[in-house]
1. Could you check, for segment 50-59, whether at least one of its residues is surrounded by fewer than 14 Cβ atoms within 10 Å (Cβ to Cβ) and in contact with a strand residue (DSSP E or B) (Cβ under 7 Å, 6 or more places away or on another chain)?
2. Identify, from the list 78, 93, the residue that is under 16 Å from the mean Cα position of the chain (by Cα) and at negative phi.
3. Scan segment 100-107 and tell me whether some residue there is of a type outside the set (Gly, Ala, Ser), under 19 Å from residue 146 (Cα atoms), without any contact (Cβ under 8 Å) to a residue 24 or more places away in the chain and surrounded by 14 or more Cβ atoms within 10 Å (Cβ to Cβ).
4. Which is hydrophobic (A, V, I, L, M, F, W, C) and modelled with pLDDT of 95 or more, of 62, 38?
5. For segment 15-28, which residues satisfy the criterion of being loosely packed, with under 14 Cβ neighbours inside 10 Å and either modelled with pLDDT under 95 or over 17 Å from the mean Cα position of the chain (by Cα) (or both)?
6. Just give me the residues in segment 46-79 being among the aliphatic types (A, V, I, L, M), touching a Leu at 6+ places or on another chain (Cβ under 9 Å) and outside any helix (DSSP H, G or I), in sequence order.
7. Restricting to segment 108-139, name every residue that is within 22 Å of residue 1 (Cα to Cα), of a type outside the set (Val, Ile, Thr), without any contact (Cβ under 8 Å) to a residue 40 or more places away in the chain and in a strand (DSSP E or B).
8. Can you tell which of 71, 44 is charged (D, E, K, R), within 30 Å of residue 121 (Cβ to Cβ) and either free of Cβ contacts under 8 Å to residues at least 40 places away in the same chain or surrounded by 19 or more Cβ atoms within 10 Å (Cβ to Cβ) (or both)?
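The values are calculated or read from the model by the stated rules, or taken from the named source; none is laboratory data. Just so it is clear, the model here is predicted, and its values are computed rather than measured. No Cβ is skipped: glycine too gets one built from the backbone with ideal geometry, and neighbour counts run over all protein chains shown.
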Amino acid sequence: MTPEERAAFGVEGNWPVARRHRIRWAECDMYAHVNHAAYLTLCEDMRVAHWLSLGGRFAPDAPGPVVAQLEARYIRPLGFDDEVLLTLRPASLRRTSYVQEYAVWKQGLVFSARAVLVLTRQDTGERIPIPAEARRIMVQEQGAKEEG
């Protein structure tokens with residue numbers, strides 16, 4: 001994220017992953033407000049892009065992040081055609097799981113969420129340790145804390 005984006009969207013704190021998004025009509029309810037479920041889809045889009053950027057892939061025999069827990073906080077409404085900044089940061093890691101935080105910004109924070117993700121093999125459900133390179137990137141480059 002550039003300093004100009006940080007100022008324009010009112011971003012606070014360290015968010016190593018960011019991208020702009022324009023609210024689509026399909027994300028809105030009949031009042032032209034963003035539907036609550038659409039925010040979670042935006043988080044999912046960020047989560048998938050983040051996993052791929054860490055060298056992960058999505059295949060039955062490959063480990064991938066599965067949402068085990070999710071909490072969301074809706075602060076202010078957004079509407080059709082609003083331009084927002086979506087941000088993600090890995091907050092902490094354990095052996096087979098990690099916490100991601102998400103935020104949506106437009107003149108300050110409008111939405112935040114936190115997810116516990118468990119790395120599993122999709123074909124067996126087996127928990128898999130976070131790969132060393134993904135762990136290194138999340139800790140050394142993106143500020144995640146090691147736990148347990």
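1. Yes, there is a match, as at least one residue in segment 50-59 is surrounded by fewer than 14 Cβ atoms within 10 Å (Cβ to Cβ) and in contact with a strand residue (DSSP E or B) (Cβ under 7 Å, 6 or more places away or on another chain).
2. Answer to the selection: 93.
3. yes
4. 38
5. 24, 25, 26
6. Passing the criteria: 66, 67, 68, 70, 72, 75.
7. none
8. 44
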